[in-house]
Amino acid sequence: MERYMNFAPGEYYHLFSRGVEKRKIFLESRDYERFQILLYILNQNASFHISNYSKRGKRDLAEIYKEKRSDSLISILSYSLMPNHFHLLVKENDEGGISKFMGKLLTAYSMYFNTKHERSGPLFVRPFRSKHVEDDVHFKHLFSYIHLNCVDLFEKDWKLHGLQDLAEAEMFLNSYKYSSYPEFSDLAERREADIVDRNQAYEYVSRSPLHISDFVDWYKIEPYS
């Protein structure tokens, strides 16, 4: 993976980062939920401070998903959150959008995490990592890789031996709250749905509900070096 990259508007990128010294960056459900909220609300040119939102008497942070945003910095096509790292597949909408968004996201979450868990110092390995998406085939591979990444929590050695039970793996992914997989399967709409720009993703994947067999087929595509 490349550490430094000149991002270009209209291009797609795989972004990820992990905790320093491979430490966990999500310790409980509220940590995951806070990161998802930040993925949504910080993806705009306007500034937004959750502390100010809370001072307005808003107690349920999930209501932030109802807040209207200004023009988005990036389009998020898929994401997955794991205990010690995260993955994003994004499109840069405006010049500097990725760098601005990632700066806001990692700073805001680090401040929240350090305050809540009474720690200090950097939380994420710097800088975040990135890889340019080469073409449509590469897009589908990464789209699948990011969503199937969560299966590690369910079946640790699946990448070596293949998924032993597709039905059980699909059930797990549909129930895993901290990725965009449910947004592309045949499930009821959830509040986190607006994190991802599905219309952008549908330019590369089927608009019909996707099944785990689709992801497995795309994952098997030989990845780029």
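The values are calculated or read from the model by the stated rules, or taken from the named source; none is laboratory data. Remember, predicted model here, so these are calculated numbers, not experimental data. Cβ sites come from the backbone with ideal geometry, for glycine too, and all protein chains shown count toward neighbours.
Check whether at least one residue in the stretch 56-64 is surrounded by fewer than 20 Cβ atoms within 10 Å (Cβ to Cβ), among the small types (Gly, Ala, Ser) and touching a helix residue (DSSP H, G or I) at 6+ places or on another chain (Cβ under 8 Å), and report yes or no.
Scanning the stretch 56-64, I find at least one residue that is surrounded by fewer than 20 Cβ atoms within 10 Å (Cβ to Cβ), among the small types (Gly, Ala, Ser) and touching a helix residue (DSSP H, G or I) at 6+ places or on another chain (Cβ under 8 Å), so the answer is yes.
Looking at the stretch 22-40, which of its residues are touching a strand residue (DSSP E or B) at 6+ places or on another chain (Cβ under 8 Å) and within 16 Å of Ser120 (Cα to Cα)?
Ile25, Phe26
Given (1) without any contact (Cβ under 8 Å) to a residue 60 or more places away in the chain; (2) surrounded by 13 or more Cβ atoms within 10 Å (Cβ to Cβ); (3) not hydroxyl-bearing (Ser, Thr, Tyr), identify the lone condition not met by Arg34.
Tallying (1) without any contact (Cβ under 8 Å) to a residue 60 or more places away in the chain; (2) surrounded by 13 or more Cβ atoms within 10 Å (Cβ to Cβ); (3) not hydroxyl-bearing (Ser, Thr, Tyr), Arg34 fails exactly one: (1).
In the stretch 180-223, which residues are in contact with a strand residue (DSSP E or B) (Cβ under 8 Å, 6 or more places away or on another chain) and farther than 18 Å from Lys91 by Cβ?
Answer for the stretch 180-223, where residues must be in contact with a strand residue (DSSP E or B) (Cβ under 8 Å, 6 or more places away or on another chain) and farther than 18 Å from Lys91 by Cβ: just Tyr181.
Only one of Asp197, Asp165, Asp186 is crowded, with 17+ Cβ neighbours inside 10 Å and either in contact with a Lys or Arg (Cβ under 8 Å, 6 or more places away or on another chain) or not basic (Lys, Arg) (or both). Can you tell me which?
Just a single option satisfies the conditions, and that option is Asp197.
Residues checked against (1) within 30 Å of Ser206 (Cα to Cα); (2) in contact (Cβ under 8 Å) with a residue 60 or more places away in the chain; (3) in contact with a helix residue (DSSP H, G or I) (Cβ under 6 Å, 6 or more places away or on another chain):
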site: Glu21; (1), (2), (3): no, no, no
site: Ile25; (1), (2), (3): no, yes, no
site: Leu38; (1), (2), (3): yes, yes, yes
site: Leu77; (1), (2), (3): yes, yes, yes
site: Ala108; (1), (2), (3): no, yes, yes
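Got at least one residue in the stretch 182-192 being hydroxyl-bearing (Ser, Thr, Tyr) and within 30 Å of Ala8 (Cα to Cα)?
The answer is no, given that none of the residues of the stretch 182-192 is hydroxyl-bearing (Ser, Thr, Tyr) and within 30 Å of Ala8 (Cα to Cα).
Within the stretch 41-64, is even one residue touching a strand residue (DSSP E or B) at 6+ places or on another chain (Cβ under 8 Å), of a type outside the set (A, V, I, L, M) and modelled with pLDDT of 95 or more?
yes
With Phe113, Phe48, Phe101 as the choices, which residue is buried (at least 16 other Cβ atoms within 10 Å of the Cβ), over 16 Å from the mean Cα position of the chain (by Cα), in a helix (DSSP H, G or I) and of a type in the set (A, V, I, L, M, F, W, C)?
On inspection, the qualifying residue turns out to be Phe113.
Here are Leu61, Leu148: which of them is without any contact (Cβ under 8 Å) to a residue 60 or more places away in the chain and either under 24 Å from Gln44 (Cβ atoms) or hydrophobic (A, V, I, L, M, F, W, C) (or both)?
Being without any contact (Cβ under 8 Å) to a residue 60 or more places away in the chain and either under 24 Å from Gln44 (Cβ atoms) or hydrophobic (A, V, I, L, M, F, W, C) (or both) holds for just one of Leu61, Leu148, which is Leu61.
Of everything in the stretch 151-171, what is free of Cβ contacts under 8 Å to residues at least 40 places away in the same chain, assigned to a helix (DSSP H, G or I) and closer than 24 Å to Ser17 by Cβ? Give them in sequence order.
Passing the criteria: Val151, Trp158, Lys159.
For the stretch 172-197, give me the residue count where each residue is part of a helix (DSSP H, G or I) and either among the aliphatic types (A, V, I, L, M) or in contact (Cβ under 8 Å) with a residue 24 or more places away in the chain (or both).
Residues flagged as part of a helix (DSSP H, G or I) and either among the aliphatic types (A, V, I, L, M) or in contact (Cβ under 8 Å) with a residue 24 or more places away in the chain (or both) within the stretch 172-197 amount to 8.
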